[in-house]
1. Calculate, for region 21-74, the solvent-accessible area per residue in square angstrom, rolling a 1.4 angstrom probe over the heavy atoms of the protein chains.
2. What angle do you read, to the nearest 10 degrees and between 0 and 90, between the alpha-carbon axis of helix 203-214 and the longest principal axis of the chain?
3. If you bin the C-alpha pair distances of region 235-287 every 5 Å from 0, what whole percents do you get?
4. If each Cα of region 146-199 is one equal point scatterer, what is log10 of I(q)/I(0) from the Debye formula at q = 0.13, 0.16, 0.19, 0.29 Å⁻¹?
5. With a 1.4 Å probe and every protein chain kept in, tell me what percent of the accessible surface of the chain is carbon plus sulfur.
6. Step through the residues of region 145-157 one at a time and calculate ³J(HN,Hα) from phi using the Karplus curve (6.51 cos²θ - 1.76 cosθ + 1.60, θ = phi - 60°), rounding each to whole Hz and writing x for Gly and Pro.
7. Using the Cα centre of region 240-297 as origin and beta-carbon charges of +1 (Lys, Arg) and -1 (Asp, Glu), tell me which of Pro260, Leu287, Val243 is placed farthest towards the positive end of the dipole.
8. Express in nm, to one decimal, how much length is gained between Phe229 and Glu189 on full extension, taking 0.36 nm for each residue of separation and deducting their alpha carbon distance.
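The values are calculated or read from the model by the stated rules, or taken from the named source; none is laboratory data. Please read all numbers here as calculations on a predicted model, not as lab measurements. Glycine also receives a Cβ, built like all others from the backbone with ideal geometry; neighbour counts cover every protein chain displayed. Ligands, DNA and RNA are excluded from the accessible area calculation, which covers all protein heavy atoms including side chains. Shrake-Rupley method; radii C 1.70, N 1.55, O 1.52, S 1.80 Å.
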Amino acid sequence: MSDEVSFRDFEVFLAFARNEHFVRAAEELGVNATTVQRSVRALERKLGVDLVEQHGRRVRLREAGRVLAREASSVLRTRADAIVTTRAASGDLRQVLRIAHTFSLGLGFVPEVLAGLLERHPDLRFRCHQSSATDAVTHLLRGDADVVLGSAAPADPDVVVLPLFTEPLLLAVPIGDPLTRRDVVHLREAKDRSFVAMAPGASSRAHLTGACARAGFVPRVTVEGSDPFVVESMVGAGLGVSVVPGRMADHHHPRVVRIPIADEGCHRTIFLSHRKKSAATPMVRALTSVAVARGGD
């Protein structure tokens with residue numbers, strides 16, 4: 001039955017392999033956990049091989065599962081490369097360019113880049129996926145996106161990563177907070193506060209915990225949000241403070257004030273990432289040119 005294994009089987013299994021958790025894999029794929037579990041078990045039956053094993057309440061990859069994850073990833077990359085190479089050979093700019101980007105870049109940077117592209121190539125069409133930086137990278141690696149714009153740089157030899165710009169991190173506090181009278185703050189001044197943050201695994205959460213660690217404390221996170229706009233809404237409601245990227249300043253929130261942080265190293269770098277073979281496509285070359293120019297503004 002191994003000849004019945006499909007690309008979709010590989011995609012679902014790789015989502016599980018990345019997380020070793022049915023629920024998190026389901027969230028990544030936009031399905032329910034039962035669907036992921038049934039798919040993995042069905043793949044085991046098709047191959048006649050045990051791919052996962054139970055350890056208490058956790059399910060982990062067996063050695064065969066790790067081998068399949070490596071090989072399946074290669075197969076999906078080859079499929080993506082075949083599509084990219086075919087499109088490049090056509091020289092057709094009228095294909096849909098699939099862009100994955102972080103929430104905060106959707107406020108100004110991504111629309112500005114797309115507007116600049118359309119000025120040069122009015123026939124271009126785009127499909128944008130907005131998510132966390134790590135989720136955006138996942139879309140690129142599994143072939144669901146042509147280009148990623150975000151603060152996570154994929155560590156993959158088949159991926160080209162270009163730094164575009166660096167921006168400061170800001171402390172978001174509720175309007176009326178005593179800190180709003182300050183032009184700049186040191187993060188340690190908020191060490192006894194409650195923090196609102198993105199869920200673990202998001203790059204914004206890593207920026208927050210990293211900045212607090214450099215300031216000498218561990219933030220007491222009392223509320224977690226699913227995107228930075230939710231996080232700021234929680235801050236505006238007085239549930240805590242947060243560390244947010246500078247691009248959030250493009251978005252006005254009537255109940256939130258963002259204050260520059262004086263601590264050294266409180267910044268993030270935005271990258272453009274694409275598969276190496278994608279560099280051959282006119283669409284990706286055009287997007288890269290505009291994004292690099294806008295990033296340097």
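1. Numbers: 3320 Å² over 54 residues.
Averaged over the residues of region 21-74, the accessible area is 61 Å².
2. Tilt of helix 203-214: around 50 degrees.
3. Bins of 5 Å from zero give 4, 13, 19, 14, 11, 10, 10, 10, 7, 2 percent of pairs.
4. Summing over Cα pairs of region 146-199 leads to -0.57, -0.72, -0.82, -1.33.
5. Details: 7310 of 14280 Å².
The C+S portion of the solvent-accessible surface of the chain is 51 percent.
6. 9, 8, 9, 10, 10, x, 9, 9, 9, x, 9, 9, x
7. Farthest towards the positive pole: Leu287.
8. Taking 0.36 nm per residue and subtracting the Cα distance, the gain is 12.0 nm.
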